[in-house]
Amino acid sequence: MVRALEWIDDRGTLRLIDQTRLPATECYLDIDTVDALVKAIKDLAVRGAPALGAVGALGVVVAMRQGEAEGWSPERLAAEVARVRDARPTAVNLAWGVDQAWPLAGSGLAAVLGRAKQIIAEDEAANRALSRLGADWILARTGRDKVRVVTHCNTGALATTGWGTAYGIIHELHDRGAIELVYADETRPLLQGARLTSWELTHDGIPHVVQADGAASSTLLRHRADVAIIGADRIAANGDSANKVGSVALALACRRAGVPFVVAAPSTTVDLGTACGDDIEIEERDAGEVLAFAGVRTTPEGAKAFNPAFDVTPHDLISAIVTEHGIVEPDTNPDPRLLARIAG
């Protein structure tokens, strides 16, 4: 199984697969400075909520090692750790990972690294558990032996510490012989679906096609798919879910087509401190991602861009939220106490 990240003990560095280079080139970044890590996060060399949680914890290790080598003051160290924490504002897991590791800094580097490695192990176990739960729910809900799935962005091993969330459910269904076909949205503007999800599906031998984002609603309304499964970067206390921009369009099409819309994420993605989707900060990214492609401008000079990285799907459009602790169905039972039971 591909690994989006790992800690190299004998070198004391964080190794990331550079996802900006996939699928053409499989290469790795060895990260040993905060500047390099923040750049990797912002450039999306590493991305995906669960992976960012682990990177947040390991980022504290990187900052501590660099601080020791360069003689940083405690204030400088705290400021550098904060830079890692704030590198991407929408995904709650990045800040969560930092917050898990940073309080242990007083106990030394080994304690912080130990917690980071524990987060990595716990995430993969959580992903496998939620995948089993999600697969069971989908097969029961659809009543089909084999399902056709629409998915958006990338939620596999590349977006996690191992296995995957929404993709993990797809992988689990495939292992059970229960996948007929996966429709992988290309996921504009950076093509995480076409570049990354299709790469993982090909690697895992899962039958799939790549479709333009604009085709997904028609796919659902023409009853060519039985379920849509996406991940989440933050789930508010009322069940509203932030995910890669384009997700809410799938939810609306699913509701019109009578197709279940499933959100899969580890429990750490549930943010009970955020009341609803209106309170989630939506990251806006560089205009060049929309105005150009592969460095070549595709729009007229003077054209401007609106480039939100995420959108928020209201809870009443979500058929099921799956974490490793269980499943809630917010479209039919929005009681926030239910979501609290499957939260981290």
Could you tell me which residue of the range 260-302 is farthest from LEU94 (Cα to Cα), considering only residues that are among the hydrophobic types (A, V, I, L, M, F, W, C) and out of contact with any strand residue (DSSP E or B) (no Cβ under 9 Å at 6 or more places or on another chain)?
VAL296
Single residue of ARG256, ARG224 found to be part of a helix (DSSP H, G or I), of a type in the set (D, E, K, R) and at pLDDT 95 or above
ARG256
Evaluate the range 283-301: report whether one residue or more is touching a residue at least 12 places away in the same chain (Cβ under 8 Å), part of a loop (DSSP other than H, G, I, E, B), in contact with an Asp or Glu (Cβ under 9 Å, 6 or more places away or on another chain) and surrounded by fewer than 15 Cβ atoms within 10 Å (Cβ to Cβ).
no
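Yes/no per residue for (1) closer than 15 Å to PRO330 by Cα; (2) among the polar types (S, T, N, Q); (3) in the same structural domain as ALA184 (by TED's automatic domain parsing):
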site: VAL227; (1), (2), (3): no, no, yes
site: ASP233; (1), (2), (3): no, no, yes
site: ALA264; (1), (2), (3): yes, no, yes
site: GLU283; (1), (2), (3): no, no, yes
site: ALA292; (1), (2), (3): no, no, yes
site: THR299; (1), (2), (3): no, yes, yes
Between a first residue in the range 320-335 that is not assigned by TED's automatic domain parsing to the domain that holds TYR167 and a second residue that is modelled with pLDDT of 95 or more, which pairs have beta carbons less than 7 Å apart while being 6 or more apart in sequence or on different chains?
none
Kindly evaluate GLY156 against the criterion of being within 18 Å of the chain's Cα centre (by Cα) and under 23 Å from CYS254 (Cα atoms).
yes
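Table: residues versus (1) over 20 Å from GLU324 (Cβ atoms); (2) of a type outside the set (A, V, I, L, M, F, W, C).
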position	(1), (2)
ALA157	no, no
THR165	no, yes
ASP175	no, yes
LEU181	yes, no
GLY193	yes, yes
GLU200	yes, yes
HIS203	yes, yes
Meets criteria (in the same structural domain as ALA135 (by TED's automatic domain parsing), assigned to a helix (DSSP H, G or I) and out of contact with any Leu (no Cβ under 9 Å at 6 or more places or on another chain)) for ASP311
no
Among the residues of the range 79-110, write down those that are outside any helix (DSSP H, G or I), out of contact with any strand residue (DSSP E or B) (no Cβ under 9 Å at 6 or more places or on another chain), touching a residue at least 40 places away in the same chain (Cβ under 8 Å) and not aliphatic (A, V, I, L, M).
ARG88, PRO89
Does THR33 satisfy the criteria of being among the hydroxyl-bearing types (Ser, Thr, Tyr) and closer than 30 Å to ASP240 by Cα?
no
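The values are calculated or read from the model by the stated rules, or taken from the named source; none is laboratory data. What you see is a predicted model; the values in this text were computed from it and never measured. Note: ideal-geometry Cβ built from the backbone for every residue, glycine included; neighbour counts use all protein chains shown.
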